[in-house]
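Asker: Dumping the structure here so I can ask a few things about it.
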Amino acid sequence: MTGITLLLAVIGLIVLVFLFFYFIPVALWISALAARVRIGIGELIGMRLRRVPPRVILGSQISATKAGLDIPTAFLEAHFLAGGTVENVATALIAADKAGISLSHERAAAIDLAGRDVLEAVQVSVNPKVISTPIVTAVAKDGIQVKATSRVTVRANIERLVGGAGEETIVARVGEGIVTTIGSAETHKDVLENPDRISKTVLDKGLDSGTAYEILSIDIADVDVGDNIGAKLQTDQAEADLKIARAKAEERRAMAVAQEQEMHARVEEMRARVVEAEAEVPRAMAEAFRSGNLGVMDYYRMRNIQADTSMREGIAGEQEEEGGQEDSSP
């Protein structure tokens, strides 16, 4: 029993030592005391119970204290529990203090919780950032296409980082300003001769309004001449007009063909009616003979008249042919 009791005592002692060093990181506590960071044993135990890593909190506090800043432990714990990046906020506060930028603890925490990189924001405030825009294509009033690229130098505005628009908005606004400036130029030569005109016009529009940045300068990096859009549009319009004219001509031709076929059908119908009427003549004559309305002498008289008419038409035709031959002879 004595051996079992001793073993249990040893196991219990080991557990106690493990719990002691788990809840109280002695090495980290000693480092904090050496860096003159005042923190009690109870606070370290409270961090463990709240599932806040003491190494993150104390490490940030030690760095801030060495840099001459006093960041409360409660503030760092609250920011960690809110889902923020403690090390990033502490480093940003140190960098802002060294650069002479006014940045409060609450503002830094709000920027970090808003999803922006507060350290990068402080760095861009100290060292302005250059944003290269893609190629912007616009057409001057003379119909010539102009392609321009620019470089925008911006500085982060700490006060507008929360709720302010990002780089995409800056690029879009600068592109819109370039298109407007080129489109208002009388000729593309004006743009090529004075590319700084684009920079001045775009910069005067206040494009950084409502954004997280302050535009310092807009420099036109390159200007090239593109296609002759005006001539191309005129060519396309001419081709479209030609197609329309061809379509209308084809429509008129189809209508003429339809009218011709309709006239031909009418002529054939009239001929059919004439043939049908001529076929009725013998029947009518036979009926007249039977009814006594037409005698034999009347029939022969009619035949003589028809023969005389045919003879006159034949003589007239021969005379016309002779007259035509005499006119053609030398």
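Asker: Quick one: ranking Arg253, Arg273, Arg116 by accessible area, 1.4 Å probe, largest first, what do you get?
Answerer: Arg273, Arg253, Arg116
Asker: Could I ask something else about it? Classify the range 172-281 from the C-alpha gyration tensor, please: rounded if a/c falls under 1.5, else prolate or oblate depending on whether a/b exceeds b/c.
Answerer: It is prolate, given that a/c is not under 1.5 and a/b is the larger ratio.
Asker: Still on this structure: Hey, any idea what % of the range 162-318's accessible area is carbon plus sulfur with a 1.4 Å probe?
Answerer: Result for the range 162-318: 54 percent of the exposed heavy-atom area is carbon or sulfur.
Asker: Under a Cβ-Cβ cut-off of 15 Å, what is the net charge of the residues other than Leu233 that fall near it, where Lys and Arg count +1 and Asp and Glu count -1?
Answerer: -3
Asker: Using the heavy atoms of the protein chains alone and a 1.4 angstrom probe, what is the accessible area of the range 147-230 per residue in square angstrom?
Answerer: 49
Asker: When the accessible area of the range 34-143 is computed with all protein chains present and a 1.4 Å probe, what percentage of it is carbon and sulfur?
Answerer: Carbon-and-sulfur percentage of accessible area, whole number: 52.
Asker: Enumerate the amide H contacts of Ala165 below 5 Å, restricted to partners 5 or more residues apart or on another chain; note that Pro and chain-start residues carry no placed amide H.
Answerer: Thr211, Ala212
Asker: Excluding Val223 itself, calculate the net charge of residues whose Cβ lies under 12 Å from the Cβ of Val223, where each Lys or Arg counts +1 and each Asp or Glu counts -1.
Answerer: -3
Asker: So for the range 48-201, taking the charge dipole from beta-carbon charges (+1 Lys/Arg, -1 Asp/Glu), which of Ile57, Thr201, Thr180 sits furthest toward the positive end?
Answerer: Result: Ile57.
The values are calculated or read from the model by the stated rules, or taken from the named source; none is laboratory data. Small disclaimer: the values here were computed from a predicted structure and weren't measured. No Cβ is skipped: glycine too gets one built from the backbone with ideal geometry, and neighbour counts run over all protein chains shown. Note: areas computed on protein heavy atoms with side chains; ligands, DNA, RNA excluded. Shrake-Rupley method; radii C 1.70, N 1.55, O 1.52, S 1.80 Å.
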